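J.: Got a structure here, written out as structure tokens. Questions coming.
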Amino acid sequence: MSRAANSKGIKADFLGAFAVLERDERVLMVQNRRIIAGRESLTWDLPGGRVEPGELLEEALLRELREETKLESVAKPRFLFYQEGERVQADARSHTWRSFFFALDHWEGEARAAAEILDTRWMDRIELRRELQAPYHDSFLLWLERGGSSFSSSWCD
């Protein structure tokens, strides 16, 4: 999520699209390296990422899925929920994000780590609750527990 900061120290906002793929009551997760609380951490995240300039949400979603897992969607994504959040560092907002989450019900191929992804793993609900510890995971975990279409999040370092 890093981009150049403006004169007030605020980084460019993040617009993201993320895929929720379920198979046998397990959700596909990808492993990334992130800087959390000032140190490098390994995290499990949903496949997806930044929407590039001039790109539609669905285009970004399918591109990121292909780049990270080599999977190809064969059906139109279905909207699940929206998350808006802010990252606060040293008591000041560094940037905000808006992420859209979509279900992909049909795809081709077997998930394998590609691009910057370190690994892939299908996780059941118990594993998800145990493994998803990053501050931005709060909305996905709430959605898993009770559903909903809109969430707010705050990540304070």
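Read-outs throughout are calculated quantities, based only on the coordinates presented, and are distinct from any laboratory measurement. All values reported here derive from a predicted model rather than from experimental measurement. FYI the Cβ positions are ideal-geometry reconstructions off the backbone, even for glycines, and counts take in every protein chain you see.
J.: How about the stretch 63-130: which GluC sites (Glu not before Pro) there lie in a loop by DSSP and see at most 12 other Cβ atoms within 10 Å?
T.: Those satisfying the criteria are E110, E116.
J.: Taking neighbour Cβ counts within 10 Å as the exposure measure, how do T69, T43 sort from fewest upward?
T.: T43, T69
J.: Averaging sequence separations of C-alpha pairs under 8 Å and six or more residues apart, then dividing by the length of the chain, give the relative contact order as a whole percent.
T.: 29
J.: Taking H as built 1.01 Å from N, whose amide H comes closer than 5 Å to the amide H of F81, not counting residues under 5 places away?
T.: For F81, whose amide H was placed from the backbone, the distant partners under 5 Å are F101.
J.: Right, next: Compute the distance in nm between two label points, each set 7 Å from the Cα along the Cα-to-Cβ direction, one at L57 and one at D157.
T.: 2.7
J.: Tilt of helix 57-69 relative to the longest C-alpha principal axis of the chain, in degrees (0 to 90, nearest 10)?
T.: With both axes taken from Cα atoms, the answer is about 70 degrees.
J.: Shape of the stretch 58-119 from its Cα gyration tensor (a ≥ b ≥ c, root eigenvalues): rounded if a/c is under 1.5, otherwise prolate when a/b > b/c, or oblate?
T.: Oblate is the answer for the stretch 58-119, as a/c is 1.5 or above yet b/c matches or exceeds a/b.
J.: If you project the alpha carbons of the chain onto their three principal axes, what span does each projection cover, largest first, in Å?
T.: Here the spans come out as 45, 36, 30 Å, largest first.
J.: Mean residue ellipticity at 222 nm from the helices of the chain, using -39,500 (n - 2.57) per DSSP H segment of n ≥ 4 over the full residue count, to the nearest 500 deg cm²/dmol?
T.: -5500 deg cm²/dmol
J.: Which one, A37, S99, L132, is farthest towards the positive end of the dipole of the chain when Lys and Arg carry +1 and Asp and Glu -1 on their Cβ?
T.: Selected residue: A37.
J.: Still on this structure, please answer the following. Please compute the length gained on full extension between M123 and A37, using 0.36 nm multiplied by the number of residues separating them and subtracting their Cα-Cα distance.
T.: 28.4 nm
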